[in-house]
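Before I ask anything, let me first share the structure, which is written out below as structure tokens.
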Amino acid sequence: MTETATASVTTDNAPRYAKQLASHLGRRSEIKEVGADTVIVLTVGECRLHSTPEALELTATAASAGDLQTVTGVVGSHLERFGQRNELAVTWVF
């Protein structure tokens with residue numbers, strides 16, 4: 001069974017944050033472009049990034065709840081650090 005979590009991060013700079021996140025995490029992970037979305041493939045799961053004019057939509061998936069916690073922790077903490085100046089907050093819904 002696949003575990004899933006989602007988050008909607010309000011920002012008018014979603015494409016910039018998606019690119020920065022993919023560039024940074026792409027040093028150790030695979031990055032795939034799927035249509036207009038970017039997918040970050042970690043060893044324990046993946047996170048799809050979808051930019052809208054109002055938000056960066058995140059969908060994390062993994063095989064187990066523990067792996068999902070790892071994916072959401074890695075992606076969320078990096079995004080919050082990159083958006084610290086703009087007070088970005090990532091709140092995952094499991």
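Consider T38 carefully, then state whether it is closer than 21 Å to L88 by Cα, at pLDDT 95 or above and touching a helix residue (DSSP H, G or I) at 6+ places or on another chain (Cβ under 6 Å).
Answer is yes for this residue.
For the stretch 36-94: of the residues being in a loop (DSSP other than H, G, I, E, B) and not hydrophobic (A, V, I, L, M, F, W, C), which is surrounded by the most Cβ atoms within 10 Å (Cβ to Cβ)?
Restricting to residues being in a loop (DSSP other than H, G, I, E, B) and not hydrophobic (A, V, I, L, M, F, W, C), the top hit is G83.
Here's another thing I want to ask about it. Are there any pairs with C-beta distances below 6 angstrom linking a residue in the stretch 48-69 that is basic (K, R) to a residue that is open to solvent by less than 40 Å² (accessible area, probe 1.4 Å) and not in a helix (DSSP H, G or I), with the two at least 6 apart or on different chains, and if so which?
From residues that are basic (K, R), the pairs are R48/D37; R48/V39.
Tell me the residue from V74, V9, V39 that is in contact with a Lys or Arg (Cβ under 6 Å, 6 or more places away or on another chain) and under 25 Å from E87 (Cα atoms), please.
Going through V74, V9, V39 in turn, the sole match is V39.
Here is a list of conditions, (1) in contact with a strand residue (DSSP E or B) (Cβ under 8 Å, 6 or more places away or on another chain); (2) closer than 19 Å to V93 by Cβ; (3) among the small types (G, A, S), and G26 meets all of them except one; can you say which number that is?
(2)
Continuing with this model, one more query. Considering only residues of the stretch 1-35 that are over 20 Å from G73 (Cβ atoms) and part of a strand (DSSP E or B), which is least open to solvent (accessible area, probe 1.4 Å)?
Once the filter is applied, the top-ranked residue is V34.
The values are calculated or read from the model by the stated rules, or taken from the named source; none is laboratory data. Here the structure is a predicted model, which means the values were calculated and not measured. All Cβ positions, even for glycine, are placed from backbone atoms using ideal geometry, and neighbour counts span all protein chains on display. All accessible areas refer to the heavy atoms of the entire protein, side chains included, with ligands and DNA or RNA removed. Shrake-Rupley method; radii C 1.70, N 1.55, O 1.52, S 1.80 Å.
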